[in-house]
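What follows is a set of notes on a single structure, which appears directly below.
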Amino acid sequence: MSEKKGTAIFNPLTFPIYVMAKPIGALCNLDCHYCYYLEKGELYRGASPKMSDDILERYIKEYIECQPTQNVLFTWHGGETLLRGIEFFRKAVKLQQQYARGRNISNSIQTNGILLNDEWCRFFKEENFLVGISLDGPEHIHDRYRRDKSGRGTFAKVMKGVELLQKHSAEFNTLSVINDYSVKYPLQVYNFFKSIGSRYMQFSPIVERWGDRADGLELLPPGNNFENVEMPPWCVSPKDYGNFYCTIFDEWVRKDVGQYFVQLFDSTLAGWVGEQPGVCIYAKVCGHAAVIEHNGDVYSCDHFVFPEYKLGNIRTKTLTEMMLSPEQMKFGERKFTSLPRQCRECEFLKLCNGECPKNRIATTADGEEGLNYLCEGLKQFFIHTKPYMQYMAEQLKRGLPPADIMNKFKE
């Protein structure tokens, strides 16, 4: 990563290009209240949501070719990815082997777990897939919003899927949504995931807005040029968001450092050390992580699947062309260049870099637009964890384990 005239720009020669695939589009077997992707099916109404074999092959070939590094990570997401069928993914693995040319290929796949069976789990184990399970916590939390098409809770079915993954020793982690309800039970959520063997946890807060768009979509991208805007009731409040993470951190830093991993904790520690955060939302710039839809359309980001952020289609443009296009480069740079003064002068800027642009829907104390909605909660977390993070960062710089911090609480 280099800087030029105050603008941080990712270097495509050294920075991996990341294009997440949606092989079944927005099609899903659930009807989660808060899902931000179900409505994207409106963009392709009347068309099959299944990625064709020729799009799959073109994507795999070009994706491998455009990578500047030896290691290539494919990520498969939904909708519900398993609806595309296991033979599709067997074919994907064969194509990866065909076009690898000595590269190290790895795969991760996100699923709600409902369709997992022995065959799927054996496949994931044999092909070394990392399986991400969408699970919000214990039953009363998970079933609050994650329901099937008949309105029934899905916790029991998801847990059967988790048990099958464990039976076949398939590697999995968890992706959980922080909503207005789950945010009130931080320790219940955290201890639940520990109890099921999830060593890597990601918590994604709901920050969305409804409003009027001509294309029929309800959810809005950042910006203030929309009418009748409101936030859905399941959105998390910034203060509750901060309390959630602070409470979990207090438990983790005393008992679980080096044993369980929470994405925000890892990224914050990386920021204190001066390293890359490992996830785009806390990086200085973005734009290197896009999404390819089932029909080959490529969009700037998974959270920006709107017509105005479409880069093109893989049938007529290469992934390299689209990812290095002026439009995508500007999209990525704007994360840094559009920061309000309050952010640019904040002592914690290096830790969050304004977080995800999709959440920049608030205004600063002096009325400037572009402040991240979660700012209050993030700042609360950074202040609360500062002394602990600084201690662990110093340990890392000395070549010592950060987990030594747990001994400080025993003295």
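Between the C-alpha center of the stretch 11-67 and that of the stretch 96-135 there is a gap of 16 Å. Ranked by the mean number of other Cβ atoms within 10 Å per residue, highest first, peptides 280-291, 107-118 order as 280-291, 107-118.
Please give the length that would be gained between PHE123 and ILE196 if that part of the chain were fully extended, namely 0.36 nm times their separation in residues minus their C-alpha to C-alpha distance (nm, one decimal).
On the way: separation 73, 0.36 × 73 = 26.28 nm, distance 2.13 nm.
Residue separation times 0.36 nm, minus the Cα-Cα distance, leaves 24.1 nm.
Which of the three applies to the stretch 37-137, rounded, prolate or oblate, going by the alpha-carbon gyration tensor with a ≥ b ≥ c and a/c under 1.5 meaning rounded?
Numbers: a/c = 1.74, a/b = 1.23, b/c = 1.42.
Verdict is oblate for the stretch 37-137.
For ALA362, what is the net charge nearby, where nearby means another residue's Cβ is under 12 Å from its Cβ and Lys, Arg count +1, Asp, Glu -1? Spell out each step's value before the answer.
Numbers: positive: ARG209, ARG360; negative: GLU355, GLU368, GLU369, GLU376.
Result for the local shell: -2.
Taking all Cα pairs closer than 8 Å and separated by 6 or more residues, the relative contact order of the chain comes to 17 percent.
Our note on the geometry: Cα centres of the stretch 292-323 and the stretch 259-273, 31 Å apart.
Taking all protein chains as present, what is the carbon and sulfur share of the accessible area of the stretch 241-385, in % to the nearest whole number, probe 1.4 Å? Working shown, then result.
On the way: 2830 of 5570 Å².
Of all accessible area on the stretch 241-385, carbon and sulfur atoms account for 51 percent.
Treating r as the C-beta distance of SER106 and ASN313 and R0 as 25 Å, the FRET efficiency rounds to 0.45.
A Cβ-based charge dipole, computed about the Cα centre of the chain with Lys and Arg at +1 and Asp and Glu at -1, lands at about 820 debye. Residue by residue, the stretch 65-72 carries 3J(HN,Hα) couplings of 5, 8, 7, x, 10, 6, 9, 10 Hz when phi is fed to the Karplus relation 6.51 cos²θ - 1.76 cosθ + 1.60 (θ = phi - 60°); x denotes Gly or Pro. Of the residues TYR44, TYR63, the one with the largest accessible area comes first in the ranking TYR44, TYR63, computed with a 1.4 Å probe on protein heavy atoms.
Counting alpha carbon pairs within less than 8 Å and at least 6 residues apart, what relative contact order, in whole percent, applies to the stretch 170-254? Before the final figure, lay out the partial values.
Working: 99 pairs, mean separation 30.3, N = 85.
It rounds to 36 percent for the stretch 170-254.
Considering only alpha-carbon pairs that sit under 8 angstrom and 6 or more positions apart, the relative contact order computed for the stretch 57-121 is 50 percent.
Compute the signed sum of charges (Lys and Arg +1, Asp and Glu -1) over the other residues within less than 15 Å, Cβ to Cβ, of ASP148.
Numbers: positive: ARG144, ARG146, ARG147, LYS149, ARG152, LYS157, LYS160; negative: ASP31, GLU80, ASP136, GLU139, ASP143.
Neighbourhood net charge equals +2.
Hey, any idea what % of the stretch 59-124's accessible area is carbon plus sulfur with a 1.4 Å probe?
Values: 1160 of 2610 Å².
Here it works out to 45 percent.
Less than 5 angstrom separates the built amide H of TYR200 from those of THR174, PHE261, all sequence-distant by 5 or more or on a different chain.
Applying the Karplus relation 6.51 cos²θ - 1.76 cosθ + 1.60 with θ = phi - 60° to the stretch 85-101 yields 3J(HN,Hα) values of x, 5, 5, 4, 6, 4, 5, 4, 5, 5, 5, 4, 5, 5, 9, 4, 6 Hz, where x marks Gly and Pro. Taking amide hydrogens as placed 1.01 Å from N in the peptide plane, the amide H of LEU311 sits under 5 Å from those of VAL298, TYR299, SER300, each at least 5 positions away in sequence or on another chain. For TRP252, the accessible surface of its heavy atoms amounts to roughly 10 Å² (probe 1.4 Å, protein chains only, rounded to the nearest 10).
Accessible surface calculations at 1.4 Å, restricted to protein heavy atoms, place the chain at 44 Å² per residue. Residues in the stretch 277-292 carry Karplus couplings, in order, of x, x, 8, 5, 5, 9, 7, 5, 10, 10, x, 8, 10, 10, 9, 10 Hz; the curve used is 6.51 cos²θ - 1.76 cosθ + 1.60 with θ = phi - 60°, and Gly or Pro positions show x.
If the chain between GLU251 and GLN188 were fully stretched, how many nm would it gain, using 0.36 nm times the residue separation less the Cα-Cα distance? All intermediate terms of the calculation are to be shown ahead of the outcome.
Working: separation 63, 0.36 × 63 = 22.68 nm, distance 1.14 nm.
Result: 21.5 nm gained on full extension.
Going through [x] 0.91; [y] 0.97; [z] 1.50, the figure that equals Cα Rg over 2.2 N^0.38 Å as computed for the structure here is [y]. Each peptide in 213-221, 151-159, 330-338, 265-273 gets a packing score, the mean of other Cβ atoms within 10 Å over its residues, and the list from highest to lowest is 265-273, 330-338, 151-159, 213-221. Summing +1 for each Lys or Arg and -1 for each Asp or Glu among the other residues whose beta-carbon sits under 15 angstrom from that of GLY278 gives -1.
The values are calculated or read from the model by the stated rules, or taken from the named source; none is laboratory data. What you see is a predicted model, and the numbers here were worked out from it, not measured in a lab. Using ideal geometry, Cβ is built from the backbone for each residue, glycine included, and neighbour counts are taken over all protein chains shown. These area figures cover heavy atoms from the full protein model, side chains too; ligands, DNA and RNA do not enter into them. Shrake-Rupley method; radii C 1.70, N 1.55, O 1.52, S 1.80 Å.
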